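A.B. asks: Okay, here's the structure, questions in a sec.
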Amino acid sequence: MIIVLKPKITKRQEAAVLKEIKKLGYRPHIIRGVERVVIGAIGDERTQHTLETLMTWPQVENVMRVQKRYKLVSREAHPRHSTVRAGDVVIGGPEVVVMAGPCSVESEKQLMKTALAVREAGAHILRGGAFKPRTSPYEFQGLGEKGLKLLAKARAETGMPVITELLAEAHVDLVAEYADILQIGTRNAQNFQLLVAAAKTGRPVLLKRGMAMRIEEWLLAGEYILANENPNLLFCERGIRTFENYTRNTLDLSAIPILKQESHSPVVIDPSQGTGRASLVSALCKGAVAMGADALLIEVHPNPAEAWSDGGQQLTLDGFATLMQELKPFAAAAGRS
Ligand code: PEP
Ligand code: MN
């Protein structure tokens with residue numbers, strides 16, 4: 001930490017700060033300038049008592065961190081890319097992984113038809129919400145356990161691992177029993193007790209970015225997974241709230257290179273929630289793959305016009321198949337298959 005003292009303070013005030021720094025387990029290094037004194041406090045800021053409380057002292061002008069607040073998710077801790085396995089599928093390896101399926105599981109017919117079609121088109125993982133976080137309590141809330149059972153049936157029939165949202169701590173055991181990957185939604189991205197409970201299942205966790213979350217906060221939320229002995233973390237950008245309302249959210253593709261610099265965990269892009277418009281999904285998938293995304297999470301429905309949730313953003317089965325073909329040169333350009 002760097003502690004900047006105010007100009008014209010007494011020797012006693014300076015000594016009191018030095019004493020406090022030592023008391024908290026840091027080694028002070030004093031730099032005397034013309035007007036003021038700057039103290040470098042040497043020690044591990046991530047594990048030691050914080051010195052930020054010095055901000056309340058009248059003789060202190062500023063306290064600044066030098067180290068990052070996250071540890072296990074950082075590239076420094078783990079210089080090589082991490083990979084996450086779900087069934088036979090490896091995310092973060094040479095192949096760009098595609099997770100596709102309906103926003104919500106609605107019926108056996110709807111799910112099976114979608115699952116078979118997306119597999120045929122080349123998808124690797126089946127998505128589908130059974131517990132849905134809806135803005136209005138009057139909207140379809142998901143089929144719950146019945147939806148999970150249908151996902152398990154689709155997995156048995158297609159061989160594809162499944163990803164589904166874990167909405168509440170009360171559902172942890174139930175959802176972990178059926179899902180290969182637990183999805184933590186944007187609305188729960190800083191529900192820290194849910195993150196800990198999800199981590200403790202040992203299942204891979206796909207952590208969506210909170211819609212108003214800074215990258216640092218998102219990395220720290222991811223740290224909760226790794227700090228609870230679960231290395232299987234995926235970060236998923238799904239768009240953030242900005243002033244723009246042409247799209248449902250603003251898909252922040254800059255998160256891809258930023259996360260690649262800061263972290264070793266694979267990066268997933270969800271252009272469906274990211275735009276809210278099916279007509280934009282293809283372009284953003286291509287951009288994301290070209291920029292180094294490890295996986296895509298795409299909503300696909302046999303009849304989007306009649307979907308029970310998020311109809312406007314779901315691709316048709318044909319639209320998805322076309323996209324899968326069109327993605328190939330973008331994956332190749334990024335050195336992926
Ligand atoms: C979803 O994937 O259907 C979903 C609800 O996602 P998000 O949490 O990003 O809104
Ligand atoms: Mn959705």
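The values are calculated or read from the model by the stated rules, or taken from the named source; none is laboratory data. All figures in this text were calculated on a predicted structure; none of them were measured in a lab. Cβ placement follows ideal geometry from the backbone for every residue including glycine, while neighbour counts extend to all protein chains displayed. Remember, those area values only see protein heavy atoms, side chains included, never the ligands or the DNA or RNA. Shrake-Rupley method; radii C 1.70, N 1.55, O 1.52, S 1.80 Å.
A.B. asks: Working only within the range 227-271, note down all residues that are touching a residue at least 60 places away in the same chain (Cβ under 8 Å) and either open to solvent by less than 10 Å² (accessible area, probe 1.4 Å) or not in a helix (DSSP H, G or I) (or both). Break it down stepwise before answering.
C.D. replies: Looking only at the range 227-271, we keep the residues that are touching a residue at least 60 places away in the same chain (Cβ under 8 Å), and these are 227, 231-234, 236, 248, 261-266, 268, 270.
PRO231, ASN232, LEU233, LEU234, CYS236, ARG248, SER263, HIS264, SER265, PRO266, VAL268, ASP270, listed by residue number.
A.B. asks: Here's something else I'd like to know. For the range 98-108, indicate whether the set of residues that are open to solvent by 10 Å² or more (accessible area, probe 1.4 Å) and free of Cβ contacts under 8 Å to residues at least 60 places away in the same chain is non-empty. Don't jump to the end; show me each part of the working.
C.D. replies: At the first step, the residues of the range 98-108 found to be open to solvent by 10 Å² or more (accessible area, probe 1.4 Å) are 106-108.
Within this subset, residues satisfying the condition of being free of Cβ contacts under 8 Å to residues at least 60 places away in the same chain are 107-108.
Yes, there is a match, as at least one residue in the range 98-108 is open to solvent by 10 Å² or more (accessible area, probe 1.4 Å) and free of Cβ contacts under 8 Å to residues at least 60 places away in the same chain.
A.B. asks: Name every residue in the range 244-260 that is over 17 Å from LEU296 (Cβ atoms) and of a type in the set (A, V, I, L, M), in order of residue number.
C.D. replies: Within the range 244-260, ILE258 is the sole residue that qualifies.
A.B. asks: Those residues that are assigned to a loop (DSSP other than H, G, I, E, B) and either at pLDDT below 95 or away from ligand 2 (no atom under 15 Å from the Cβ) (or both), I need them from the range 176-188; list them, please. Please lay out each step first, then the result.
C.D. replies: To start, the set of residues in the range 176-188 that are assigned to a loop (DSSP other than H, G, I, E, B) comprises 179-180, 185.
The answer is ALA179, ASP180.
A.B. asks: Continuing with this model, one more query. Quick one: is GLU165 open to solvent by 10 Å² or more (accessible area, probe 1.4 Å), modelled with pLDDT of 95 or more and within 14 Å of ligand 1 (Cβ to nearest atom)? Step through it out loud before you land on a result.
C.D. replies: On the way: open to solvent by 10 Å² or more (accessible area, probe 1.4 Å): yes; modelled with pLDDT of 95 or more: yes; within 14 Å of ligand 1 (Cβ to nearest atom): yes.
Considered against the rule, which asks whether it is open to solvent by 10 Å² or more (accessible area, probe 1.4 Å), modelled with pLDDT of 95 or more and within 14 Å of ligand 1 (Cβ to nearest atom), GLU165 comes out as yes.
A.B. asks: Filter the range 200-216 down to the residues that are aliphatic (A, V, I, L, M) and crowded, with 22+ Cβ neighbours inside 10 Å, then identify the one that is nearest to GLU229 (Cα to Cα). Steps first, please.
C.D. replies: Looking only at the range 200-216, we keep the residues that are aliphatic (A, V, I, L, M), and these are 205-207, 211-213, 215.
Those still in the list that are crowded, with 22+ Cβ neighbours inside 10 Å too: 205-207.
Details: VAL205: 12, LEU206: 15, LEU207: 16 Å.
Only one residue fits best here, namely VAL205.
A.B. asks: Considering only the range 66-97, state which residues are open to solvent by 40 Å² or more (accessible area, probe 1.4 Å), touching a strand residue (DSSP E or B) at 6+ places or on another chain (Cβ under 9 Å) and farther than 18 Å from PRO231 by Cα.
C.D. replies: VAL66, LYS68, GLU95
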